[in-house]
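Here is the structure we will look at.
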Protein chains: 2
Amino acid sequence: MEHNLAVNQISVGVVGLGLMGSSIVAALLIAGHPVVAIAPLPVDMELAPQRIADQLRHCEKAALLSHAPADYLAQLTVTDDYSQLQECRLVLECVIENLAIKETVYQKIEAVVSPEAVIASNTSAIPISILQHYISRPERFLGIHWAEPAYMTRFMEITCGDQTAMPYADWAFQLAHEWQKEPTLLRKDIRGFVTNRLMYAIYREALHLIDTEEASMEDVDKAFRYDVGSWVTLMGIFRRLDYLGLQDFSEIFKNLFPKLSNDDRVPAVMQRMIDLKARGTQSVQGLYDYTDEEARRWDEAFAVFNQDIYQLAAQYPAVRENQKP
Amino acid sequence: MEHNLAVNQISVGVVGLGLMGSSIVAALLIAGHPVVAIAPLPVDMELAPQRIADQLRHCEKAALLSHAPADYLAQLTVTDDYSQLQECRLVLECVIENLAIKETVYQKIEAVVSPEAVIASNTSAIPISILQHYISRPERFLGIHWAEPAYMTRFMEITCGDQTAMPYADWAFQLAHEWQKEPTLLRKDIRGFVTNRLMYAIYREALHLIDTEEASMEDVDKAFRYDVGSWVTLMGIFRRLDYLGLQDFSEIFKNLFPKLSNDDRVPAVMQRMIDLKARGTQSVQGLYDYTDEEARRWDEAFAVFNQDIYQLAAQYPAVRENQKP
């Protein structure tokens, strides 16, 4: 397998143009790729072009563009015709987390792309090894997991399934650096990816503290924002332990681990939200309450914050170079 | 109990002038308090004044001061004579996590301060209800838990023990706002405080991923830095769940919680570090390796990063006002 790493020449396909798919399209356009964006749903065919254009304008304001938004849009094809994927060296599947739907999508992709084209899923819920069962050439299939908004985050998990051939994963890993990502490459398809394992450990403990009324939501959020927030972007977890000097942890581990939640069920407070069909900032009802105006402000604040923290992280290159000792 | 909240008039005592104690002294001086700093160890008597002066210069560079460092230092007394604490309305104990030593310190403090003076421990390991056994007037005793560097972090946990009288805790909570903190007030002395519960849930899962070789340290750190880092300072945990829309979590909780680590022992990789007497960035040997130069750069980077993230958090006041709905 030989792939040309001259990024601009590689056509990339994206299937599924919801919020996440659209922001991935924007990220790929900014990286210089011609993009073929497949809208499997009529509503996306209608809304996605505008959404992508809006995102490019957001990027322009954030000084992420070297050309005008229109120049990037000239590289974009939005269509419901899978045959347009024919020249793509990489196709990213971003449809909903439903096996039957994904299976149909993979059949349509494989029917038109070359045998060497890499196919990747943005799934964060279904193991890559399971999705591979629906691919006729599973060695070229892998996970490429983005974070929202895709054009503004450095996070990326590249995950192999049991049948993935490493050259394809290595190629995707290299390409991800061209997209200005800080990718991780998981050779083993662990249940839940790395980031989900960490996140759900946090969610489990935090929701347990609320369910047992040991702390208030406001206090848990404050502690997390102002303690963890003060070092996470710089250090990560293990360098934090190094920074704290390691030696004092033995006693605290022994004392505290047995107190931590080992729940394996849905926490009561979340079950209540699910029963109420609450959708958080998307519905003005959630763990916290929101007016429409507040929900809108949270959306805006998140977009701006992401940009700020992206730039802040970039200010620590000397330290970042030392990340891999 | 009546306390005058004119901050500048309240003398505050600090006992224990290690790294943490010194940075708490600097924070209190900046807030305008006259500070009586007790150095129980001769080495601190010698080193602490310079360390505090250095920290004030660091604050000056960060534009946190309204006067020259010398003006703040004029309000500082460093001594090994506990009787100087006599006029203090609040005394913060910051000595090592050893019950016998803390007991002696509390006896010396209580022998000189007024019956209404509030005494607080910076402990993050010993429950406040247990420390209260060593206080003759336990109702005026509570936990005030700072994060390093104390003059630059918004985090603060105020914790009541079983015998703490609420007016003292409320007074400390109000005072903490004068120190530019975002304090939490825990009326119940839960095992491990809130921030430790969250942190050790993260440590447990992260160390488990390493011990089982499911992921590399570098990948865990990257995932944490670039995923969690991209929202934690803005959102905290529960607002993050709201932002993600709540409804999709039920299935993932059911699938993922049973995969999470429930370890109650010291993880193997940490035990190895403890056996090696590794002290991370303080000893050039840790989970990662460091040259002396790299260790120094990490120290510097952390000091600067803390300042950057402090200022970044301050840029979201409209959102912050909505934190308590």
*Going by the structure shown, is B:Leu99 within 14 Å of chain A (Cβ to nearest Cβ), without any contact (Cβ under 8 Å) to a residue 40 or more places away in the chain and in contact with a Phe, Trp or Tyr (Cβ under 9 Å, 6 or more places away or on another chain)?*
yes
*Just checking, which of A:Ala201, A:Ala223 is touching a helix residue (DSSP H, G or I) at 6+ places or on another chain (Cβ under 9 Å), closer than 25 Å to B:Ala314 by Cα and buried (at least 20 other Cβ atoms within 10 Å of the Cβ)?*
A:Ala223
*Which of the residues belonging to the stretch A:165-185 are outside any helix (DSSP H, G or I) and more than 9 Å from chain B (Cβ to nearest Cβ)?*
A:Ala165, A:Trp179, A:Gln180
_Can you find a residue that is within 27 Å of B:Tyr290 (Cβ to Cβ), in a loop (DSSP other than H, G, I, E, B), within 11 Å of chain B (Cβ to nearest Cβ) and under 22 Å from the mean Cα position of the chain (by Cα) anywhere in the stretch A:138-152?_
no
*When B:Ser261 is evaluated against the numbered criteria (1) closer than 23 Å to A:Leu234 by Cβ; (2) more than 7 Å from chain A (Cβ to nearest Cβ); (3) in contact with a helix residue (DSSP H, G or I) (Cβ under 6 Å, 6 or more places away or on another chain), which criterion, by number, is the only one it fails?*
(1)
*Does B:Val36 meet the test of being under 19 Å from B:Met152 (Cα atoms), at pLDDT 95 or above and either crowded, with 17+ Cβ neighbours inside 10 Å or hydrophobic (A, V, I, L, M, F, W, C) (or both)?*
no
*Set A:Leu312, A:Leu241, A:Leu276, A:Leu246: member being more than 22 Å from B:Leu209 (Cβ to Cβ) and touching a Leu at 6+ places or on another chain (Cβ under 8 Å)*: A:Leu312
*Counting just the residues of the stretch A:186-226 that are within 7 Å of another protein chain (Cβ to nearest Cβ) and basic (Lys, Arg), which one comes out farthest from B:Glu205 (Cα to Cα)?*
A:Lys222
*Of the residues A:Phe173, A:Phe141, A:Phe193, which is within 23 Å of A:Ser23 (Cα to Cα), out of contact with any helix residue (DSSP H, G or I) (no Cβ under 6 Å at 6 or more places or on another chain), surrounded by 24 or more Cβ atoms within 10 Å (Cβ to Cβ) and among the hydrophobic types (A, V, I, L, M, F, W, C)?*
A:Phe193
*asked:* Can you tell me how many residues within the stretch B:148-171 are touching a residue at least 40 places away in the same chain (Cβ under 8 Å) and either assigned by TED's automatic domain parsing to the domain that holds B:Asn306 or within 29 Å of B:Ser66 (Cβ to Cβ) (or both)?
replied: 9
*So, in the stretch B:285-303, of the ones that are more than 7 Å from chain A (Cβ to nearest Cβ) and either touching a residue at least 40 places away in the same chain (Cβ under 8 Å) or buried (at least 16 other Cβ atoms within 10 Å of the Cβ) (or both), which residue ends up farthest from B:Ala206 (Cα to Cα)?*
B:Ala303
_Count of the stretch A:206-251 residues which are of a type outside the set (Phe, Trp, Tyr), within 23 Å of A:Thr184 (Cβ to Cβ) and touching a strand residue (DSSP E or B) at 6+ places or on another chain (Cβ under 7 Å)_ = 2
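The values are calculated or read from the model by the stated rules, or taken from the named source; none is laboratory data. Given the structure is predicted, the values throughout are model-derived calculations rather than measurements. Glycine also receives a Cβ, built like all others from the backbone with ideal geometry; neighbour counts cover every protein chain displayed.
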